[in-house]
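Have a look at the structure below before the remarks.
Read the figures in this text as sums done on the coordinates, not as results from a lab. This structure is a prediction, so every number in the text was calculated from the model and none was measured. We place every Cβ from the backbone using ideal geometry, glycine too, and count neighbours over all the protein chains shown.
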Amino acid sequence: MPQKSTAPGRRALLAELAVTSRRYMASYALFNQAVADHLRLHPTDLQCLNLLGLEAGAVTTGRVAELTGLTTGSATRLVDRLERAGYVTRTRDTEDRRRVLVATVPERMAEFGAVWERLNGGWAALFETYDDDEVAFLIAHMRRTVELSAGQIEGLRREDAG
């Protein structure tokens, strides 16, 4: 791993990173809002569908809560909205009739995927400008960001509950 500098140049870079990261996060939030508006969804619902699309199959509402960091009550309301919009269905678990499973509707997920596919071209072109080491760095950064964000969310929720 490269040596970290304490020189004034490093401080300037970190200051620029702080500003740029704020712009990056705002840009992503606004992009997410625009895609959600286009699909007539709430931004959280959009990201829930994104996460559900990564799951191997149907999940419980408790799992939806885990994926999104929402309370089970909020996750239930989210699933209600997605069900009304036709993106998910609820069915009883055949192995445990007490459990209700949330499954995505393939046709609606195909529509959802088509929007992402259309938008993905620009991202693919952007990532093609990076060499393999830079792409590996981006992947590592994104994974670390996901882990850090999960911890930050948990901490904020604990503060709110306490």
>> About the Cα centre, and with charges only on the beta carbon of Lys, Arg (+1) and Asp, Glu (-1), how big is the dipole of the stretch 15-90? Nearest 20 debye, please.
In response: 140
> What number comes out for the charge environment of Gly69, summing +1 per Lys or Arg and -1 per Asp or Glu over other residues with Cβ under 11 Å away?
Replying inline: -1
>> Cβ neighbours within 10 Å, averaged per peptide: list 28-37, 96-105, 148-157, 41-50 in order, most packed at the top.
In response: 41-50, 96-105, 28-37, 148-157
> What angle, in degrees between 0 and 90 and rounded to the nearest 10, separates the Cα long axis of helix 72-84 from the longest principal axis of the Cα atoms of the chain?
Replying inline: 70
> Counting Lys and Arg as +1 and Asp and Glu as -1, what is the net charge of the other residues whose Cβ lies under 15 Å from the Cβ of Ala140?
Replying inline: -3
> Going by a ≥ b ≥ c, the root eigenvalues of the Cα gyration tensor, does the stretch 35-162 fall in the rounded group (a/c under 1.5), the prolate group (a/b larger than b/c) or the oblate group?
Replying inline: oblate
>> Tell me the relative contact order for the chain as a rounded percent, counting alpha carbon contacts under 8 Å between residues six or more apart.
In response: 14
>> Given Cβ point charges of +1 (Lys, Arg) and -1 (Asp, Glu) and nothing else, what value in debye, to the nearest 20, does the dipole of the chain about its Cα centre take?
In response: 580
